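Notes to accompany the following structure.
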Amino acid sequence: MEKNQRLVLSCNASSDSYPPDDLDWFLNGIKVESNERAGVTITKRMTYRSKTIWSELIIEHAQMQNAGTYICRTSDQLITNIKVNVLNGE
């Protein structure tokens, strides 16, 4: 992705009996939090019928420091990850 573009990452997890309690995002091992000033938004929603939790991480204007390995981890330690590269096309 190019620098200053909008980065959107989505993650979901489900279970046979109940949805996981929570879902967190990490960048290179450091927990990512919502931060309006920095243009970072994390949303979460849960449905008990499908026993699923969803989360979306949005960075409005990605910068070079937003590159790296993003990990989506549930409260019961289910993990997935994705590598994001930010290119300085200017």
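Side notes on the structure shown:
To keep it simple, each residue is scored yes or no on (1) farther than 24 Å from Gln5 by Cβ; (2) surrounded by 14 or more Cβ atoms within 10 Å (Cβ to Cβ).
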site	(1), (2)
Asp16	yes, no
Val40	no, yes
Arg45	yes, no
Ile53	yes, yes
Asp76	yes, no
Ile79	yes, no
Asn85	no, no
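- Residue check, Gln63 surrounded by 11 or more Cβ atoms within 10 Å (Cβ to Cβ) and over 10 Å from the mean Cα position of the chain (by Cα): yes
- In the chain, counting only strands (runs of 3 or more DSSP E) that sit wholly within it, the ones holding 1 or more residues that are of a type in the set (Ser, Thr, Tyr) and touching a residue at least 40 places away in the same chain (Cβ under 8 Å) span 7-14, 52-59, 68-74, 79-84.
Each value in this text was obtained by applying a stated rule to the coordinates, not by laboratory testing. Keep in mind that what you see is a predicted model, and the values were worked out from it rather than measured. Cβ sites come from the backbone with ideal geometry, for glycine too, and all protein chains shown count toward neighbours.
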